[in-house]
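Colleague: Below: one structure in structure tokens.
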Amino acid sequence: MTSSNKRKGTYHEHWWTDLLNKWGWKAKRQPMSGQLQEFPGDILIQLDRQKLIVESKYQTDGKGWSFINKILKKHNKKYAKDILVLKQRSGEAYLCVNINNKAAIKILRRIV
């Protein structure tokens, strides 16, 4: 029998895959959630000849993402932030967007 955390992870991988496919992206959940070398990551997005590997994370309360929530939900002078970009001095850079932000998602969907 699978653990509760495994079931929740699988559910949310399917949730993301369904959403990405509704947006017109060709997404599929990877077998065994990326445990096999030939199927890395949790979800694979295929765009023409390009492949994007997606890692899916889920938290019940999202406390680990408090910084992201704080920035993207904060309103200053009657406007909200649409996209959060993160960069480390000598590390990687990341882009975060709330999927409920219709304006940002509309633009990102146009890019694909």
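The values are calculated or read from the model by the stated rules, or taken from the named source; none is laboratory data. A quick note: this is a predicted structure, and the numbers were derived from the prediction, not measured. Positions of Cβ are generated from backbone atoms using ideal geometry, with glycine treated the same way; all protein chains shown enter the neighbour counts. The accessibility values were calculated without ligands, DNA or RNA, using every heavy atom of the protein model including side chains. Shrake-Rupley method; radii C 1.70, N 1.55, O 1.52, S 1.80 Å.
Colleague: Within region 82-106, can you find the residues that are under 13 Å from residue 71 (Cα atoms) and either part of a loop (DSSP other than H, G, I, E, B) or in contact (Cβ under 8 Å) with a residue 12 or more places away in the chain (or both)? Steps first, please.
Modeller: In the first step, residues of region 82-106 are kept if they are under 13 Å from residue 71 (Cα atoms); the result is 82-86, 95-98.
Once the filter is applied, which keeps residues that are under 13 Å from residue 71 (Cα atoms) and either part of a loop (DSSP other than H, G, I, E, B) or in contact (Cβ under 8 Å) with a residue 12 or more places away in the chain (or both), region 82-106 yields 82, 83, 84, 95, 96, 97, 98.
Colleague: If you don't mind, there's one more thing I want to ask. Out of the residues in region 17-68 meeting the condition of being at pLDDT 80 or above, of a type in the set (Asp, Glu) and within 25 Å of residue 85 (Cα to Cα), tell me which one is most open to solvent (accessible area, probe 1.4 Å).
Modeller: Per the stated criteria, the residue is 55.
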